[in-house]
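Quick notes on the structure that follows.
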Protein chains: 2
Amino acid sequence: MATIYQVSEMAGVSLSTVSRVLNDNDYVSKKTKKKVLEAMKELGYQPSSIARSLASSTTNSVGILVSELDGPFFGQMMSAIEEHLRIAGKHVIITPGHSDEKKEKSGFEFLIGRNCDAIIAHVEAVSNEYLIELSKGKTPIYLMSRYVKEIEDNCISLDNVMGGYLATKAMINKGHKNIAYIAGPQFKEDASNRLKGHKKALAEYNLTFDESLYYVGDFKETGGSDGLRHFIQNKAQITALVCANDEMASGAMKYAREHGFNLPKDLAIIGFDNVIFTNYLYPTLTTIDNPVPEMGRAAANLVLKDIYKKSGITVKHVFQPKLILRDSTPDIN
Amino acid sequence: MATIYQVSEMAGVSLSTVSRVLNDNDYVSKKTKKKVLEAMKELGYQPSSIARSLASSTTNSVGILVSELDGPFFGQMMSAIEEHLRIAGKHVIITPGHSDEKKEKSGFEFLIGRNCDAIIAHVEAVSNEYLIELSKGKTPIYLMSRYVKEIEDNCISLDNVMGGYLATKAMINKGHKNIAYIAGPQFKEDASNRLKGHKKALAEYNLTFDESLYYVGDFKETGGSDGLRHFIQNKAQITALVCANDEMASGAMKYAREHGFNLPKDLAIIGFDNVIFTNYLYPTLTTIDNPVPEMGRAAANLVLKDIYKKSGITVKHVFQPKLILRDSTPDIN
DNA sequence: TGCGTTTTTACTCGCGCTTTATAAAAATAT
DNA sequence: ATATTTTTATAAAGCGCGAGTAAAAACGCA
């Protein structure tokens, strides 16, 4: 690999001159600039970002910490962030935390150790205190889908209470009274907030929250099927099922069909997140739109503005979910 | 941030001694080792991987270049690779190439510039020649789902011709004779190989390949719906539809239903890849299993063996697809 | 032509760590 | 008790680059 030194030698100038043309600094004449550029091309020179980082203590890369590398939710998120950052010439370093406290912490450490200029994290297992503490460190931390009051300027979040409320209210408006709820793991803030919204909607219409119509799933397809099985085994009389995310809704749909339900007539189902495949399910799934791509762009914009000092950027911090009505929740007569 | 220097000072030893305990080198007594370790803990010392990389020209990180950050296919792939590498204490740096030649090249450059110890790439737009040339560089390149003869030892691939063959043969075996095919973009090698397999199966059963039953899609849901619309508009009389991947199959299913088809009776559909949600579609989708996670692990193993010199590893380079029969392809009477 | 300016270039140090070569200390042998 | 080996620690030289400072060259004007 050619180094800056060889370039300088070939172009007949000093090291720092080469460095200056690299960084597009002023104070270098067109003639020498051209000479240097030619030498670079000739040698196939490629600056070492490692050395660069060490010298300048800035890496032009931002760390992304997500729960999983797969799944439609995180896919959309990573994709939106990356795309937006790439336009500004910044790169991303992605690492998964698997919703596990230790792994999330080690993810942070890795990213910090790599000298990322900032970190955008979607973490669920670490405590607020840990995050607040971490924010005092040298690497700025931005939080996706999580609201921590003490560092709210670094948070991009969805109003999950509202989302949960909208979902259940939609069912009520369709005429349902016996509504079961499959929640996500309650240590996850969005899951517990969605549940709050559900309860709020019930209360508003004078329906009581019934423990026997409540099941905690895993946010995956299995959570949906397990939940519905649970309700069926307990002979719960339900006409509507609210799921805390789309994967669980799709699992429940499959289980329902396999057990003689005629969808959507026998059971109305609603999901949450509006992940891409919901529109390809049958019946198409009514759900709550979670503007993940938009939020990803917001997070990216936030670091562009704060860290890379781009001007003219304003970002929204709290996003609103909205109801997407499709075929899985017909009117009942 | 504490540096190695401060640790050495606090422990009362020299820089290099600290470095040696960091790297678990011999030639350091237990007593001094303990002293150093304590000093590190006290200072909350965290080695700078940047400086480390610069000095040792090894980064303990492998680059991953995929087409997209979202989508079930790449999600599974990244996830499998990352998980397997992490066990060995290696980290991944992921960047997308968007199936675009320029972007793929710039992805390679980024990863090489970051001094990755190796790169695992799923690229589709760059030429074989480019890859061969790249392989001569300092950073070893491994290819996922792509077979390039000259560097076959660095390739992990699926027998796509066989896969395409199995899919169409399955339809024929079910009794279909009028089989339409929605292909993927033909510059992508797997797409063109799957098509080859399709033609091979047709030929084997004396069916002629009919251009009017052929459509090139985009490997996304829209490709499936566009393709089926195309066939319908051209009044193609078909009883079976073979799609070159699952996303397109799901798009076609949705379109079919919206246009009065009674699935699976009126139209048998098969996909390709066996992506997770195929099992949650209705009817559940018959497809060809693409052992992506297994292949991801194989790629990870390959770099563990070649680059990090782990012993006792043998890896399979070419994987075989297999037919997964589900409800979307019933027997016809 | 000479002096002050402005533009352009060169030197040098340091970022935080690894890695020789080398010296000192401890252990063993003679 | 000295010579020899083995073990442990040190000092110094980079890795490739950025940035601040000093120096040189080019320019302007009287």
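So the values come out like this:
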quantity: Members of A:Lys105/B:Lys103; A:Lys102/A:Lys322; B:Lys33/B:Lys310 lying beyond 30 Å, as alpha-carbon distances in this model show; calculated: A:Lys105/B:Lys103; A:Lys102/A:Lys322
quantity: For A:Ser145, distant residues with modelled amide H under 5 Å away; calculated: A:Ile156, A:Ser157, A:Leu158
quantity: Relative contact order computed over region A:4-47 (Cα-Cα under 8 Å; 6+ residues apart), in percent; calculated: 44
quantity: Proxy reagent accessibility, fewest Cβ within 10 Å first, across B:Glu38, A:Glu221; calculated: B:Glu38, A:Glu221
quantity: Expected 222 nm ellipticity per residue - DSSP helices of 4 or more, -39500 (n - 2.57), all of the protein assembly as shown, to 500; calculated: -13500 deg cm²/dmol
quantity: Chain A, dipole about Cα centre (Lys/Arg Cβ +1, Asp/Glu Cβ -1), debye to the nearest 20; calculated: 960
quantity: Viscosity 0.692 mPa s, temperature 37 °C, Stokes-Einstein D of chain B from Kirkwood C-alpha radius, µm²/s; calculated: 147
quantity: Partners for A:Lys31 among lysines (Cα-Cα distance below 23 Å; same-chain residues under 8 apart left out); calculated: A:Lys41
quantity: Residue of A:Val148, A:Val18, A:Val92 that the Gaussian network model of chain A assigns the largest fluctuation, springs spanning Cα pairs under 10 Å; calculated: A:Val18
quantity: Label spacing, shortest first and in nm, from A:Asn279 to its equivalents in the remaining copies (7 angstrom along Cα→Cβ); calculated: 2.6
quantity: GNM top mover of A:Lys188, A:Lys169, A:Lys136 - chain A, alpha-carbon springs below 10 Å; calculated: A:Lys136
quantity: Prolate/oblate/rounded call for region A:160-289, Cα gyration tensor, a/c under 1.5 rounded; calculated: rounded
quantity: Summed side-chain charge close to A:Ser328 - residues other than A:Ser328 whose Cβ falls under 13 Å, Lys, Arg +1, Asp, Glu -1; calculated: +1
quantity: More than 18 Å apart - percent of Cα-Cα pairs taken over region B:54-107; calculated: 40
quantity: Cα-centred dipole magnitude for the protein assembly as shown, charges only on beta-carbon of K, R (+1) and D, E (-1), debye, nearest 20; calculated: 1040
quantity: Separation of alpha-carbon centers, region B:71-109 and region A:167-222, rounded to whole Å; calculated: 37
quantity: For B:Tyr214, residues with placed amide H under 5 Å, excluding near neighbours; calculated: B:Tyr181
quantity: Cross-link partners of B:Lys199 among aspartates and glutamates (Cα-Cα below 13 Å; sequence separation of 8 or more within a chain); calculated: B:Asp210, B:Glu211
quantity: A:Glu204 versus A:Asn279: modelled label distance in nm, points set 7 Å from Cα along the beta carbon direction; calculated: 2.7
quantity: Three-way shape label, the protein assembly as shown, alpha-carbon gyration tensor, a/c 1.5; calculated: oblate
quantity: Residue order, fewest to most beta carbons within 10 Å, for B:Met40, B:Met77; calculated: B:Met40, B:Met77
quantity: Ranked list, fewest to most other Cβ atoms within 10 Å of each Cβ, for A:Ser192, A:Ser61; calculated: A:Ser192, A:Ser61
quantity: Exceeding the 32 Å Cα-Cα cut-off - candidates A:Lys188/A:Lys254; A:Lys220/B:Lys196; A:Lys316/B:Lys90; B:Lys149/B:Lys254; B:Lys196/B:Lys235; B:Lys30/B:Lys136; calculated: A:Lys220/B:Lys196; A:Lys316/B:Lys90; B:Lys149/B:Lys254; B:Lys30/B:Lys136
quantity: Region B:126-140 - phi-based ³J(HN,Hα) in whole Hz, Karplus 6.51/-1.76/1.60, Gly and Pro as x; calculated: 6, 7, 4, 4, 4, 5, 5, 4, 4, 5, 7, x, 6, 9, x
quantity: Taking region A:160-289 and dividing mean pair separation by its residue count, relative contact order in percent (alpha carbons under 8 Å, at least six apart); calculated: 25
quantity: For B:Ser16, label point 7 Å along C-beta direction: distances to other copies, nm; calculated: 3.2
quantity: Dipole of region A:1-58, positive end: most advanced residue of A:Val18, A:Tyr5, A:Ala51 [Cβ charges, Cα centre]; calculated: A:Val18
quantity: Most mobile of B:Gly260, B:Gly12, B:Gly97 in a GNM of chain B (Cα contacts under 10 Å); calculated: B:Gly12
quantity: Label distances, nm, A:Lys200 versus same residue in remaining copies, Cβ-directed 7 Å point; calculated: 5.9
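Every read-out reported here was derived from the displayed coordinates using simple, explicitly stated rules and does not represent laboratory data. Quick caveat, the model's predicted, so the values are computed rather than measured. Ideal geometry is used to build each Cβ from the backbone, glycine not excepted, and the neighbour counts take in all protein chains shown.
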